[in-house]
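The values are calculated or read from the model by the stated rules, or taken from the named source; none is laboratory data. Bear in mind that the values here come from a model prediction, so they are computed numbers and not experimental data. Quick reminder, even Gly has a Cβ in these numbers, built from the backbone with ideal geometry, and neighbours come from all protein chains shown. SASA here: full protein model, heavy atoms, side chains in, ligands and nucleic acids out. Shrake-Rupley method; radii C 1.70, N 1.55, O 1.52, S 1.80 Å.
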Amino acid sequence: NAGVTQTPKFQVLKTGQSMTLQCAQDMNHEYMSWYRQDPGMGLRLIHYSVGAGITDQGEVPNGYNVSRSTTEDFPLRLLSAAPSQTSVYFCASRPKRDRFQPQHFGDGTRLSIL
Amino acid sequence: SQELEQSPQSLIVQEGKNLTINCTSSKTLYGLYWYKQKYGEGLIFLMMLQKGGEEKSHEKITAKLDEKKQQSSLHITASQPSHAGIYLCGADTRGNTGKLIFGQGTTLQVKP
């Protein structure tokens, strides 16, 4: 199993450009989430989804859009990149069954906005 | 302010020494997760604690959950250079929603 796969691993954008960070999981997990990691701030939740067709906002959703058309994929879209969105982005998934299950994380996408 | 506060934020220890990292929540904990991250890599799941008083160990790492204090501790015995990295605690403070909040992380350096 590949687990959670994020692409690309690195990306440099200019202010105002748009792009989509891809996230795919092959574990049939219902729950998927996007986090950003900034120095000294841990991981902050951007958006999450409890299943196909269902998404909701996290702590820092502004400037990002998501959709969940399939169980496997959960792309994160930056509509107009800003330098404040320079960060490392992590996608995670976990099964819905059982109350307590750890999240499985991808290796991250390192994004720089110039 | 953060819902989950980790302390210390950074730690430098001599190889062989013991150390403790704390994670304190301002809200009720429904589950507490510990992850480790090596620089430039993803998060590796270490342990999960569900119930007050629960204690789990894996190799030289022990985690405990004090439900009354809304606090968890991660203790490393006889630290090794392989223990170096960033340790993050995560918690679901709103029931089984799949949403985790994280502490700001503790960076551990182990000097040989």
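Brief remarks follow.
- Scanning region B:13-21 finds no residues that are in contact with a Pro (Cβ under 8 Å, 6 or more places away or on another chain), within 24 Å of A:V4 (Cβ to Cβ) and either open to solvent by less than 30 Å² (accessible area, probe 1.4 Å) or within 11 Å of chain A (Cβ to nearest Cβ) (or both).
- When B:L108, B:L46 are checked against the criterion of being open to solvent by 10 Å² or more (accessible area, probe 1.4 Å), hydrophobic (A, V, I, L, M, F, W, C) and under 15 Å from the mean Cα position of the chain (by Cα), a single residue qualifies: B:L46.
- Those strands (runs of 3 or more DSSP E) of region A:1-78 in which 2 or more residues are of a type outside the set (V, I, T), within 11 Å of chain B (Cβ to nearest Cβ) and open to solvent by less than 20 Å² (accessible area, probe 1.4 Å) occupy A:31-37, A:43-51.
- Looking at A:Q25, A:Q17, just one residue is modelled with pLDDT of 95 or more and under 22 Å from B:K36 (Cα atoms), and that residue is A:Q25.
- Every condition in (1) modelled with pLDDT of 95 or more; (2) within 14 Å of chain A (Cβ to nearest Cβ); (3) part of a loop (DSSP other than H, G, I, E, B) holds for B:S79 except the one numbered (2).
- Where a residue in region B:49-64 is under 14 Å from B:Y87 (Cβ atoms) and assigned to a loop (DSSP other than H, G, I, E, B) and its partner, wherever it lies, is modelled with pLDDT of 90 or more and open to solvent by 100 Å² or more (accessible area, probe 1.4 Å), with Cβ under 8 Å and at least six apart: none
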